[in-house]
């Protein structure tokens, strides 16, 4: 029984009124009931990710650009604000153009905003596809539905633009209004992805403030090119020795909390085993996405045969 069903049963027992609430709706559970929907959605997601990996450095560079690795947080959320904002205010001006003393001015402004939103929707969709390629399995059907609704809204706005150029404003306004309705539903799903499934959220654990040096392992037990997972102030840390130098960064991948200590190491870089984000062990910075946030970095030293760590400022 789901948490929502348990809450309803408890409310019935206590005689409390049952009020409908959006936070009780779990899209993933409902969408998973559609036959073959989740397997197909998952196959598409993983297929996109495989294409990026097989495409080599050019494909990874393009994916990093779309993920927002260079920006420090997902690029998709930036572009969605531009797209939704332009479409929303365009529809508002459409309504204002129906009456009042500035009909033509409002109509022209509405057309320009609808055009801007439709143009911005294309890179927004590309960034969404990039993020969907590494979406957590538990959120894959919600992500697929979010994308499909956005595609339908884009089609409606595209048709609306065509009708506007033909001078058919009323049917054009109806289509863009329908598109805005779809966008509202899609935005709710997008919020569910971010706040419930934490898609695009920094999953690296906050190490807090720098504290005194802490011994974590005997120096003799830290072998060359053999990763070790330890805890510093109850936070997981990856310790790695390469060419005699010791490095330490957060052990949970910032993208989806994958175990970096189980990843692939090459020189001073580590690749997450889950979605292949790559981090620099020296600085914690993101070399390749889908991660967009760096890992916390620790100073290292050896004293009296013990490897000691301390969080960098």
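Values quoted throughout were computed directly from the atomic coordinates according to the rules given, and no laboratory measurement underlies them. On a predicted model such as this, the values are computed, not experimentally measured, just so you know. Neighbour counts run over all protein chains shown; Cβ positions are idealised from the backbone, glycine included.
Let me have the 222 nm mean residue ellipticity of the chain computed from DSSP H runs of 4+ only, each contributing -39500 (n - 2.57), with the sum over all residues rounded to the nearest 500.
So the helix-based figure for the chain works out to -16500 deg cm²/dmol.
Can you give the angle from 0 to 90° between the axis of helix 169-195 and the longest principal axis of the chain, with both taken from C-alpha atoms, to the nearest 10?
The angle comes out at about 20 degrees.
With axes computed from alpha carbons, what is the tilt in degrees of helix 140-165 against the longest principal axis of the chain, rounded to the nearest 10 within 0 to 90?
40
Any chance you could give the angle, 0 to 90 degrees and rounded to 10, that helix 103-132 forms with the longest Cα principal axis of the chain?
Compared with the principal axis, the helix lies near 30 degrees.
Taking N as the number of residues in the stretch 214-311, what is its alpha-carbon radius of gyration divided by 2.2 N^0.38 Å? Provide the component values of the computation, followed by the final result.
Numbers: Rg = 12.4 Å, N = 98, 2.2 N^0.38 = 12.6 Å.
My calculation over the Cα atoms of the stretch 214-311 gives 0.99.
Pull out the extension gain between residue 46 and residue 159, defined as 0.36 nm times the separation in residues minus the alpha carbon to alpha carbon distance; nm, one decimal.
37.5 nm
If I model a spin label as a point 7 Å beyond the Cα along the Cα-Cβ vector, how far apart are those points for residue 233 and residue 266 in nm?
Taking the two extended label points, one gets 3.3 nm.
Between residue 119 and residue 304, how many nm apart are label points set 7 Å from Cα along the C-beta direction?
6.7
Which one, (1) 45; (2) 31; (3) 24, gives percent of Cα pairs over 32 Å apart as derived from the coordinates shown?
(1)
With no solvent and one equal point scatterer per Cα, compute the Debye intensity ratio I(q)/I(0) for the stretch 108-189 at 0.16, 0.22, 0.25 Å⁻¹ and report its log10, rounded to two decimals.
So the normalised log intensities work out to -0.61, -0.98, -1.16.
Classify the stretch 116-155 as rounded, prolate or oblate, taking a ≥ b ≥ c as the square roots of the eigenvalues of its Cα gyration tensor: rounded when a/c is under 1.5, otherwise prolate if a/b is larger than b/c and oblate if not.
It comes out oblate by the Cα gyration axes.
Compute a Gaussian network model of the chain, connecting alpha carbons closer than 10 Å, and tell me which residue from 125, 59, 291 fluctuates the most.
Top of the fluctuation ranking is 59.
Report D for the stretch 143-211 in µm² per second (integer): Stokes-Einstein, Kirkwood Rh on Cα pairs, 10 °C, 1.306 mPa s.
112
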